[in-house]
Every structure is written in C-alpha cells, then in structure tokens.
1. If residue 298 satisfies all but one of (1) modelled with pLDDT under 85; (2) open to solvent by 40 Å² or more (accessible area, probe 1.4 Å), what's the number of the condition it fails?
2. For residue 130, state whether it is open to solvent by 50 Å² or more (accessible area, probe 1.4 Å), under 21 Å from residue 161 (Cβ atoms) and touching a residue at least 60 places away in the same chain (Cβ under 8 Å).
3. I'm trying to understand the selection: among the residues of segment 142-178, which are modelled with pLDDT of 90 or more and among the small types (Gly, Ala, Ser)?
4. When only residues in segment 9-45 that are among the charged types (D, E, K, R) and part of a loop (DSSP other than H, G, I, E, B) count, which is nearest to residue 191 (Cα to Cα)?
5. Select from segment 280-311 the residues that are in contact (Cβ under 8 Å) with a residue 40 or more places away in the chain and either farther than 27 Å from residue 246 by Cβ or in contact with an Asp or Glu (Cβ under 7 Å, 6 or more places away or on another chain) (or both) and list them in ascending order.
6. Among the residues of segment 91-104, count how many are within 19 Å of residue 118 (Cα to Cα) and at pLDDT below 90.
7. Which of the residues that make up segment 133-183 are more than 29 Å from residue 322 (Cα to Cα), open to solvent by less than 50 Å² (accessible area, probe 1.4 Å) and part of a helix (DSSP H, G or I)?
Amino acid sequence: ARSAITEKRAVAVREGEPEDTRVHLRGNYLTLGEDAPRHFPVVLAGEQQPPIPQGQSGRLQLAKWIADPDHPLTARVMMNRLWRWHFGQGIVPSTDNFGRLGEAPTNQKLLDHLAVKFVERGWSIKAMQRYIMASETYQRSTHNDPACAEIDPSNSSLWRFNRRRLDAEEVRDSLLSISGLLDDQMFGQLLTDEFGKYADKGKLDSYWASRRRAVYLPIMRSGVYDAFVAFDFADPSMIDGDRKASTVAPQSLFMMNGPLVFDAATALAGKASATDDALTDLYYRILGRAPEAHERNAADAFITGYPSDSDKGDGLQALARVLLASNEFLYIE
C-alpha cells in the first residue's frame, strides 16, 4: 500500500534567468551605464569576493555568507533582538540600527559572548532562550534597591528587572489560556487556499474568532486585528524591532467591553462559581494570588451591589473583567 504523503508548502523564491544589471545613470532606467556584476555590497563584504558562478543569481551565496559562522554581524543582531524581547531594551538600544548612527552597545563583551554561544549551539534560538532565561540577571525581581538606584538610576546594568506590559499577542493568549478557551493545537495554518479576498471584513472576522494561539493568526497589512491594534502591534508594512508600549484609552475600553474579554470573564466566573470559595479561585486564576482582606471586602460589596438584571453578566463575571483590566494582570513584575 502506498504511504500517505503530506504536502508541505512554503513561501519561497525561485531562480529565473540570472543576469547582471547595468547602472542607471542618475537613477534613470532609460539611461544605462556600465554593467554592474553581481556581488555583495563592498562596504560589507570587502573587495576580495569570490565571483558568483554563471547561471546562478547569487541568492544561495548570499544566504551562506549571512549565516557563515565567521560573520560577526548576523549573530550579534539576532542576539540583540532576543535580549531586547526578554529585557525590554537591547544591549544595542537602537535595535534596528547597528550602523554609525545607531547607539553603542551598553555591554559589548556580553553581546559578543551571546553571539559566540549562538553559533556554537547551532544557531538555535530555543537553546539561547533557555540560556538567557536561566541566567541570574533574567530571574531578578523588579524590587527597587535604593543603593543600586543611586549608582545606576536608569538600570542600564540590569540590577533589577524592568517592569513591562504584555505585548498584544500575550494579552490575547493570556486571556484565552487562564479562562480555558485556548486551542493549543500546533502546526498548520488558518488561511485557506481561496483566501484571495482578504479585504472581506466577514472573512477576516472569522479568522480573528479563532481560539488558536496568536502566532497562527494571519497578519494582513490591510486589516490588522482590533485587539492587536489597541495594544501597539507593529505596523506590518514596516520593520520594527523595538515595539513601543503606549497607554491609551482604547486599551481600557477593550478590556472593559471587548468580546474576547467578555468571553474570558464569563468562562472564569463559571469555573470560580463551581468552587467553595469563588472569590479566591478567581483571584488565583487571574492574578496568581489570594485576595487581601480589604480586596475581599471591596469585592464582596461589588458583587452584592451589581445589578441582577444587567445584560453584562452577573457580579462575579463583572469582577473578573475588573481584574483582567488591572495593571497587575497586564504587567509583568
């Protein structure tokens, strides 16, 4: 019997008919100068470059040059970005600019150490994630030390962990995860072969309604998910290695009235109401701790006084929305 073969597809380039390009004098394609043989930028690769074989475009040679273990820039750039996403700021603060106009690294030896480790570990991002997260620096708390703050008020040496807000994808996935609504299916994609009419709002909404993790959601330049836009998702048409975190009104409105938050709060309230101590269960699920005495008193009063005829759910569900909208849920200590 023939074994089933699973078809795998990927977006890639295909070789055409390779040819050199002539210089466009003053940028005008109608006014051509001498041939410009295919090679890497001299400013990066120097004058002594092996010629690109006839009949080949040079893409393969470029890929090998970029990923060459002796290439110092590629590993540095990747490790700087990885560090930035873990600590909020790269070792080179200008994440998208390693040039002369960019900022100097705050710790050159650390950046080089990570770059060497990255190459030694087979360019494995997962291995470097473990390496960084197992470090003493990553595991520090956000607790303030007055003596350290006096010496390094900007925390450039990372004597404490910088408090940071969850990114847009983390907000969405956290809501689904703690409420039990997350679909943890791995692999595959949500896009269908007939997804040519991506401008159709109904088609996009059907994809945003998926409960799979955010990494599987399609990103369209002409229609970004509203929840992502509210929490500073990067412009898909721009390079952005240093996403900013703003504090604006639409974020609060989304956390109070968004359908995703409403569904998560409803599921959380349902789980909590099935326990002996619904309030404590709710706090543990959302904030990871028990309520303090004053919080319990305020919560009891809130639930008791919540209108029974409200179309926004009962008091426990409303309290869940309040906790989900809190800084304690949205920020990582």
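1. (1)
2. Taking the combined requirement at face value, the residue does not satisfy it.
3. Hits for segment 142-178 are 147, 149, 174, 177.
4. Checking each candidate, the answer is 9.
5. If the condition is that a residue be in contact (Cβ under 8 Å) with a residue 40 or more places away in the chain and either farther than 27 Å from residue 246 by Cβ or in contact with an Asp or Glu (Cβ under 7 Å, 6 or more places away or on another chain) (or both), then 282, 283, 285, 287 are the ones that fit.
6. So the count comes out to 2.
7. Correct list: 148, 149.
Residue-wise test of (1) under 23 Å from residue 241 (Cα atoms); (2) more than 26 Å from the chain's Cα centre (by Cα); (3) exposed (fewer than 15 other Cβ atoms within 10 Å of the Cβ).
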residue	(1), (2), (3)
43	no, yes, yes
47	no, yes, yes
53	no, yes, yes
58	no, yes, no
74	yes, no, no
112	yes, no, no
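The values are calculated or read from the model by the stated rules, or taken from the named source; none is laboratory data. For clarity, every value in this text was computed on a predicted model and none was experimentally measured. When we count neighbours, we look across all protein chains shown, and the Cβ atoms used for this are built from the backbone with ideal geometry, even at glycine. Ligands, DNA and RNA are stripped out before the accessible areas are found, and what is left, the full protein with its side chains, is counted by its heavy atoms. Shrake-Rupley method; radii C 1.70, N 1.55, O 1.52, S 1.80 Å.
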